[in-house]
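Reviewing the structure listed below.
The values are calculated or read from the model by the stated rules, or taken from the named source; none is laboratory data. Because the structure is a prediction, the values reported are computed rather than measured. Glycine gets a Cβ as well: all are built from the backbone with ideal geometry, and neighbour counts include every protein chain shown. What goes into the accessible areas is simple: the full protein's heavy atoms, side chains included, and nothing from ligands, DNA or RNA. Shrake-Rupley method; radii C 1.70, N 1.55, O 1.52, S 1.80 Å.
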Amino acid sequence: MDDELSVSLPGARLAGALGTVPPGVELLRWDMTAPAPSPRIDLVVLPYVPGSAHLRLLDGVTTRLVQAQYLGYDGVAEALPPGHVYANARGVHETSTAELALALLLAAQRGIGDFVRAAGVRVPEPAWYPSLADRRVLVLGQGGVGRAIEARLAPFEVDVVRVARTARDDERGRVHGIAELPDLLPSCEAVVVGVPLTGDTVHLVDAAFLARLPDGAVVVNVARGRVADTGAILAEARTGRLRFALDVTDPEPLPVDHELFTLPNVLISPHAGGMSSAMLPRVARLVRRQIDLLLNGAGPVNVVLRS
């Protein structure tokens, strides 16, 4: 059991949410825009900023744990100096990301984008739009985000098709493997993408993937922008054959004059999946749990990488 523990936090809001810490815990402020305030920081909580360049500031700093506020950790292995243990924010963002996925899916299905664009320009007229009920929805990814999306789809009376890297059966039935996608896509009217970005998933959603979807299908991406081929999305969106609701893009952010912003069958949100009021208290709970584990000499949770 350790009697003392130094913890760096990237901002006052997280410090406030963390509240009173146990005796022996020293809180430091470090937003990683400047060198470390100490050569040894037991627990470094990273700022919630895009990219991984700030990780290089850990070079020469002795740590026991580097705690991210993100779920994904693509690019971390290349940027993290040797000698660190890196944990992601599993359990923090899944709920909020799933909420946004459902919001985008419902907005695309029920014509919300059309109503918003019509406001102040013409009198909106009711029109027939596809329901979400009775659709076949393919959920691509069976990690925490994919499972949270599936749980929220359940009340909408849809036929959910679950797909993960490898096929298996679990308590909820069949999980199809990615290799089965060519046979599954033609019968699915909606696809929600929630896979992590890895070497195997870069451009998983490509021209061939999209070509197998039926006319009028909608693709929702709340994973990472590079999971989908932007050129392939643009080609299909131009024709109007498919619809897209994208929380992530490649590049990110898209240039303000990008053609995807101009197309009526495309909805784009600015990578806001995890940005809800649920995030801060959940990050604080995770940091407090890591503090307690380290103080008691136990291993931290959510470790995904050791450099």
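Considering the stretch 25-71, the residues that are in contact with a Ser or Thr (Cβ under 6 Å, 6 or more places away or on another chain) and more than 17 Å from Gly83 (Cβ to Cβ) include one that is surrounded by the fewest Cβ atoms within 10 Å (Cβ to Cβ), namely Glu26. Of all the listed residues (Val21, Val49, Val76), the sole one being in contact with an Asp or Glu (Cβ under 9 Å, 6 or more places away or on another chain) and among the hydrophobic types (A, V, I, L, M, F, W, C) is Val49. Among the residues that make up the stretch 283-292, is at least one of them closer than 22 Å to Ala108 by Cα and among the aliphatic types (A, V, I, L, M)? Within the stretch 283-292, none of the residues are closer than 22 Å to Ala108 by Cα and among the aliphatic types (A, V, I, L, M). The set of residues from the stretch 135-169 being under 22 Å from Arg212 (Cβ atoms) and part of a helix (DSSP H, G or I) comprises Gly146, Ile149, Glu150, Leu153. When Glu236, Glu259, Glu252 are screened for being crowded, with 18+ Cβ neighbours inside 10 Å and either in contact with a helix residue (DSSP H, G or I) (Cβ under 9 Å, 6 or more places away or on another chain) or in contact (Cβ under 8 Å) with a residue 40 or more places away in the chain (or both), only Glu236 passes.
The set of residues in the stretch 11-47 that are closer than 22 Å to Ala278 by Cα, without any contact (Cβ under 8 Å) to a residue 40 or more places away in the chain and of a type outside the set (D, E, K, R) comprises Gly11, Ala12, Ala15, Gly16, Thr20, Val44, Leu46, Pro47. Taken over the stretch 111-142, the criterion of being touching a residue at least 12 places away in the same chain (Cβ under 8 Å) and over 32 Å from the mean Cα position of the chain (by Cα) is satisfied by Ala127 alone.
Within the stretch 1-15, the set of residues being open to solvent by less than 60 Å² (accessible area, probe 1.4 Å) and small (Gly, Ala, Ser) comprises Ser6, Ser8, Gly11, Ala15.
Only one entry in Arg282, Arg241 is of a type in the set (D, E, K, R) and in the same structural domain as Ala68 (by the TED database), namely Arg282. Candidates are the residues of the stretch 45-96 that are touching a His at 6+ places or on another chain (Cβ under 8 Å) and hydroxyl-bearing (Ser, Thr, Tyr); the one that is nearest to Arg29 (Cα to Cα) is Thr63. Take Leu106 and tell me if it is open to solvent by less than 80 Å² (accessible area, probe 1.4 Å) and either more than 13 Å from Val222 (Cβ to Cβ) or outside the structural domain of Val195 (by the TED database) (or both). The answer is yes for Leu106.
One line per residue, one yes/no per condition, for (1) of a type in the set (D, E, K, R); (2) part of a helix (DSSP H, G or I); (3) modelled with pLDDT of 95 or more:
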| position | (1), (2), (3) |
| --- | --- |
| Phe261 | no, yes, yes |
| Leu267 | no, no, yes |
| Pro270 | no, no, yes |
| Gly274 | no, no, no |
| Leu280 | no, yes, yes |
| Arg285 | yes, yes, yes |
| Ile291 | no, yes, yes |
| Pro300 | no, no, yes |
| Leu305 | no, no, yes |
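Taken over the stretch 174-231, the criterion of being of a type in the set (Asp, Glu), in contact with a strand residue (DSSP E or B) (Cβ under 9 Å, 6 or more places away or on another chain) and either at pLDDT below 95 or under 21 Å from Ala98 (Cβ atoms) (or both) is satisfied by Glu189 alone.
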